[in-house]
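Accompanying notes for the structure given below.
The values are calculated or read from the model by the stated rules, or taken from the named source; none is laboratory data. Predicted model, so just to flag it, every value in this text is computed and none were measured. Positions of Cβ are backbone-derived with ideal geometry, glycine not excepted, and every protein chain shown enters the neighbour counts.
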């Protein structure tokens, strides 16, 4: 019994996409292979590493590798490509550059989308909020210190405004 | 702007196993689909356990029935008689932050203990309570399992973890179950025949394959627990806080204050096929209170009550020891609450 493909609508970074999706595809498969947005990475595919992190319509961090694409029928998501608006980097992306929070870069899309969710959840995240939001995404190069410094920088900027 | 994307998929081994995807709009239609479909159906809520197991080809369902957005499975509320009702479809993030749940800090800690924020944004209460049992001989790639040889979980009458065992001894890894057991929770299961309520203490079995009493035609809809003002301690012992499955979890609750108490409930999780309610250990505390001598007397009861332990993920000797350590730690914490 083969699973029927279904026509699916998905809004990614504000753009609407219509496509024929197999039940066998995860949301990550669709984002990367079908839509062609390869910024989102595939890592462990078991929910341990967090590099496939995207934001759902509530701005929360979710793992695109552990959810069937068809679950997202009619929904809106944001991927790493959606952080940059009109050629302007997101405040977090600028902070990552300023603080050197990137080494090899493979985990960076997942780290940034997780960090974005931390800021979305609370414009003024506490140290505990940052640890809580970033524990599910792993940098294998260097660690989370500079990442946290960058997030704190954006948070403190938010605190002033 | 609407963009049409050509169908393009990757090589079959990298995809999920072939199945039919079904997402009925309400509970009644879901129950009908469950009752009227031949072949194996898996319920999909957050997906963090089901998709993980499908990737490993441990689950190869004919139908994936999505219940993630059923309105009947939502809602966190206090009923007229004080009973707290939690929708089985509520996500763990929503639960741990809800004002009603936060009146029970031990329970909120149990929700917060599960995996990472990313997983908790997806995973549901029902999903965590029905988490498949885990075993390092079964939770491997299909190739690995075939090389080692199958087992009770994958269709043979062999257990690699305890050679002499005739039932599967895979571990129950739910972090939420011990906390809810300490609150004496019940679960409500719905089928086309109606609803039935089962004590969570009676929900799990000693068999790692059929590890709950949920029938194939049933969907868990709600979790209920009586209003109470007991104090509760909750501890999860794990390798990396914020991601891993537990080496062991404990939830301990008691009435009274300080060293005074007349009843207690102590539950250990992640050590065996089911969360273990330590009745004798709790009786010692209920009779003698929470002074040092009583706690030590209670700790001596723990090992016997746990039953057979496996070397899965951690050595059996470690499991016996961590159980005693956690009971002592939780009871000492409880005294300060």
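Collect the residues in region A:11-24 that are closer than 25 Å to residue B:62 by Cα and in contact with a strand residue (DSSP E or B) (Cβ under 7 Å, 6 or more places away or on another chain), keeping them in residue-number order.
Scanning region A:11-24 gives A:19, A:20, A:21, A:23.
Restricting to region A:98-114, what's the tally of residues that are surrounded by 21 or more Cβ atoms within 10 Å (Cβ to Cβ), out of contact with any strand residue (DSSP E or B) (no Cβ under 9 Å at 6 or more places or on another chain) and closer than 15 Å to residue A:152 by Cα?
Residues flagged as surrounded by 21 or more Cβ atoms within 10 Å (Cβ to Cβ), out of contact with any strand residue (DSSP E or B) (no Cβ under 9 Å at 6 or more places or on another chain) and closer than 15 Å to residue A:152 by Cα within region A:98-114 amount to 1.
Would you mind stating whether residue B:98 is free of Cβ contacts under 8 Å to residues at least 12 places away in the same chain and touching a strand residue (DSSP E or B) at 6+ places or on another chain (Cβ under 6 Å)?
It is false that residue B:98 is free of Cβ contacts under 8 Å to residues at least 12 places away in the same chain and touching a strand residue (DSSP E or B) at 6+ places or on another chain (Cβ under 6 Å).
For region A:77-97, what are the residues that are under 19 Å from residue A:155 (Cβ atoms), free of Cβ contacts under 8 Å to residues at least 24 places away in the same chain and surrounded by fewer than 20 Cβ atoms within 10 Å (Cβ to Cβ)?
A:89, A:94, A:97
Within region A:31-76, track down each residue that is without any contact (Cβ under 8 Å) to a residue 40 or more places away in the chain, buried (at least 20 other Cβ atoms within 10 Å of the Cβ), in contact with a strand residue (DSSP E or B) (Cβ under 8 Å, 6 or more places away or on another chain) and more than 7 Å from chain B (Cβ to nearest Cβ).
Residues satisfying the conditions are A:64, A:65.
I'd like to know if region B:146-155 contains one or more residues that are surrounded by fewer than 16 Cβ atoms within 10 Å (Cβ to Cβ), outside any strand (DSSP E or B) and either in contact (Cβ under 8 Å) with a residue 40 or more places away in the chain or touching a strand residue (DSSP E or B) at 6+ places or on another chain (Cβ under 7 Å) (or both).
no
What single numbered condition from (1) within 14 Å of chain B (Cβ to nearest Cβ); (2) at pLDDT 95 or above; (3) more than 30 Å from residue A:23 (Cβ to Cβ) fails to hold for residue A:92?
It fails just one condition, (1).
Evaluate the following for residue B:179: is it farther than 28 Å from residue B:91 by Cα and not in a loop (DSSP other than H, G, I, E, B)?
no
Take region A:7-25 and flag every residue that is more than 7 Å from every other protein chain (Cβ to nearest Cβ) and more than 19 Å from residue A:84 (Cβ to Cβ).
A:7, A:8, A:9, A:10, A:21
Here are some residues: B:110, B:89. Which one is away from every other protein chain (no Cβ under 14 Å), modelled with pLDDT of 95 or more and within 26 Å of residue A:117 (Cα to Cα)?
After ruling out the rest, the residue left standing is B:110.
Would you kindly identify the strands (runs of 3 or more DSSP E) lying entirely within region B:12-69 that contain at least 2 residues that are on the phi > 0 side of the Ramachandran plot and within 12 Å of chain A (Cβ to nearest Cβ)?
none
Of the conditions (1) outside the structural domain of residue A:143 (by TED's automatic domain parsing); (2) modelled with pLDDT under 95, residue A:125 fails just one. Which one is it?
Failed condition: (1).
Filter region B:106-119 down to the residues that are farther than 16 Å from residue B:185 by Cβ and part of a helix (DSSP H, G or I) and list them by number.
Matches in region B:106-119: B:112, B:117, B:118, B:119.
Take residue A:114 and decide whether it is under 29 Å from residue B:109 (Cα atoms) and within 14 Å of another protein chain (Cβ to nearest Cβ).
Yes, satisfied.
In region A:131-161, which residue that is more than 14 Å from chain B (Cβ to nearest Cβ) and not in a helix (DSSP H, G or I) is surrounded by the fewest Cβ atoms within 10 Å (Cβ to Cβ)?
If we take residues in region A:131-161 being more than 14 Å from chain B (Cβ to nearest Cβ) and not in a helix (DSSP H, G or I), then A:161 is surrounded by the fewest Cβ atoms within 10 Å (Cβ to Cβ).
Go over the candidates B:128, B:139 one by one and state the one that is outside any loop (DSSP other than H, G, I, E, B), within 14 Å of chain A (Cβ to nearest Cβ), under 22 Å from residue B:240 (Cα atoms) and touching a residue at least 12 places away in the same chain (Cβ under 8 Å).
B:128
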